[in-house]
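See below for the structure under consideration.
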Amino acid sequence: MSYSFEYIDIILLAMIAGFIFLRLRGILGKKTGFEGKIPPQFEKEFKKTNIAPKPVNENFDEVSQKEFLKGAKIAYETIITDFSDSDNKLIASKPLLGKKIYDQFKEALEDRASKGHFAEITFIGIKSAVIKTHKKIEDSLEVTVDFVSEIITCIKDKDKKILSGDSEKIKTVYDTWVFSKDIKSSNPNWLLIDTIT
C-alpha cells in the first residue's frame, strides 16, 4: 500500500518538473540551430547597428570619477606592494604601468638587487585618494590623484640588517600619481604614467 503512494509522489514530482521546464522554455526560448549567413538585404543594416565597445566617458563626470577612484586605490596598493616586496621584481603591477614608469621602477629594483638589498612592507591602508586634476590630451584622458596612505616599510641587506625605514613604525606617505587611459580603447585598464614628488 505504501509503495503506491511513493509512485504517486514520483509522478507528481515529474509533472512539476515538466511544468517548470516548459515555463522556462517559454520564457527563455530555445536555440533553433540556425547559424547560417545573414541574408544580403539585412547585412548592410546589421553592420550599421553593430555595437562598438563603450569608450571612457570623455566628460569624466562624478559617477566616472567614483568608479575610477575605486580602481585607482586597488592599483595603488598593488603597485606599492609589488615594488616593495622582497623579490625585487615587478610581477602583479606590470600591466598597470606605462613604459616610462615601468623602466624607472625596473632600474631601481635592479639597482637594489645588485646591492643585495630587499624591501619589507606592510600596507596598512589608504587614508584618502582625491582627484587633483583631469584633462583630455588628444585621445587620452589623464587623471592626477593625491594619495595619503599608511605603511610600515624598511630596506634590509642580505644579513637582514635594517638600512633604512623602521620595521615597526607606521609611516604616513603622500604620493601624487598620474594615470592615463586611451578613451577610444575597449581595454578597461588605466596606466600609471608618472609619479610627482
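In table form, for the structure just shown:
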quantity	calculated
Every residue from segment 85-115 that is touching a helix residue (DSSP H, G or I) at 6+ places or on another chain (Cβ under 6 Å) and open to solvent by 40 Å² or more (accessible area, probe 1.4 Å)	Ala92
Qualifying positions in segment 135-154 - surrounded by fewer than 16 Cβ atoms within 10 Å (Cβ to Cβ) and in a strand (DSSP E or B)	Lys135, Lys136, Ile137, Asp146, Val148, Glu150
Single residue of Ile162, Ile121 found to be touching a strand residue (DSSP E or B) at 6+ places or on another chain (Cβ under 6 Å) and either in contact (Cβ under 8 Å) with a residue 60 or more places away in the chain or surrounded by 15 or more Cβ atoms within 10 Å (Cβ to Cβ) (or both)	Ile121
Residue within segment 156-164 that is part of a loop (DSSP other than H, G, I, E, B) and hydroxyl-bearing (Ser, Thr, Tyr) present	no
Test: residue in segment 104-118 that is part of a strand (DSSP E or B) and under 20 Å from the mean Cα position of the chain (by Cα)	no
Test: residue in segment 176-196 that is more than 24 Å from Lys94 (Cα to Cα) and either open to solvent by 70 Å² or more (accessible area, probe 1.4 Å) or assigned to a strand (DSSP E or B) (or both)	no
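The values are calculated or read from the model by the stated rules, or taken from the named source; none is laboratory data. Just so it is clear, the model here is predicted, and its values are computed rather than measured. With ideal geometry, Cβ positions are generated from the backbone for all residues, glycine too; neighbour counts draw on all protein chains shown. Calculation scope for accessible area: heavy atoms of the full protein, side chains included, ligands and nucleic acids excluded. Shrake-Rupley method; radii C 1.70, N 1.55, O 1.52, S 1.80 Å.
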